[in-house]
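The values are calculated or read from the model by the stated rules, or taken from the named source; none is laboratory data. All figures in this text were calculated on a predicted structure; none of them were measured in a lab. Glycine also receives a Cβ, built like all others from the backbone with ideal geometry; neighbour counts cover every protein chain displayed.
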Amino acid sequence: MVNIPNLITVFRVFLVPVFIMAVFYGRFKLALFIFLLASLSDALDGFLARKLRQVTRLGIILDPIADKSLIDSGYILFSFYQKFIPVWLTIVVLSRDILILFGGWLLSVFGKIEKIRPSFLGKVTAFLQFITILAVLINVNWNIIGKGGLEFLFFITATFTIASAFHYTYRGIRELNSE
């Protein structure tokens with residue numbers, strides 16, 4: 001039986017290098033289209049996985065990898081190559097992701113990874129990180145958000161990203177200390 005949600009997730013993974021090339025070569029309208037297509041496919045695969053009862057271990061692992069590959073590549077490119085996002089924000093976003101990866105690895109070593117799920121704060125943070133990339137792409141294409149609006153969004157995204165990092169660290173330590 002073909003797992004449609006997993007196929008959509010794999011499609012999203014393949015969109016990441018296309019997104020990277022579009023940004024790298026300054027094709028920002030194409031980058032916006034690819035980013036929106038990847039984001040819509042993320043919502044679709046999650047919906048279908050639940051609706052068709054096709055949630056799989058592969059999907060649970062691959063979905064966040066696809067999401068973070070898209071988001072993190074956007075932050076890296078827009079900070080270090082295009083200079084549209086401040087480097088400090090990219091460092092905050094990437095540091096949180098590294099912390100979560102390390103924490104997930106540590107929890108798996110101790111056989112506790114099954115107990116940790118995304119928190120509401122983590123989901124809000126991921127949404128804000130997505131919105132930040134989307135806002136930058138919209139602003140690069142049409143300059144309608146303005147520097148002040150972007151700076152406010154950068155601050156809010158950083159605040160939630162840091163709060164989420166502390167929250168996941170707390171949850172991970174608590175889980176490691178539990179029996």
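Overview of values
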{"quantity": "Candidate set from the range 134-160 (those that are free of Cβ contacts under 8 Å to residues at least 40 places away in the same chain and touching a Ser or Thr at 6+ places or on another chain (Cβ under 6 Å)); member that is farthest from Phe84 (Cα to Cα)", "calculated": "Phe160"}
{"quantity": "Restricting the range 1-19 to residues that are assigned to a helix (DSSP H, G or I) and without any contact (Cβ under 8 Å) to a residue 40 or more places away in the chain, the residue that is farthest from Ile65 (Cα to Cα)", "calculated": "Val18"}
{"quantity": "Answer from Ile91, Ile138, Ile76, Ile131 - the residue that is modelled with pLDDT of 90 or more, assigned by TED's automatic domain parsing to the domain that holds Gly26 and surrounded by 13 or more Cβ atoms within 10 Å (Cβ to Cβ)", "calculated": "Ile76"}
{"quantity": "Qualifying position, being at pLDDT below 95, small (Gly, Ala, Ser) and either part of a helix (DSSP H, G or I) or closer than 22 Å to Val140 by Cβ (or both), among Ala22, Ala31, Ala38, Ala43", "calculated": "Ala43"}
{"quantity": "Sole residue being outside the structural domain of Gly74 (by TED's automatic domain parsing) and either among the acidic types (Asp, Glu) or surrounded by fewer than 12 Cβ atoms within 10 Å (Cβ to Cβ) (or both), chosen from Lys147, Lys112", "calculated": "Lys147"}
{"quantity": "Given (1) under 16 Å from the mean Cα position of the chain (by Cα); (2) not in a helix (DSSP H, G or I), number of the condition Leu101 does not satisfy", "calculated": "(2)"}
{"quantity": "Single residue of Leu121, Leu89 found to be touching a His at 6+ places or on another chain (Cβ under 6 Å) and assigned to a helix (DSSP H, G or I)", "calculated": "Leu121"}
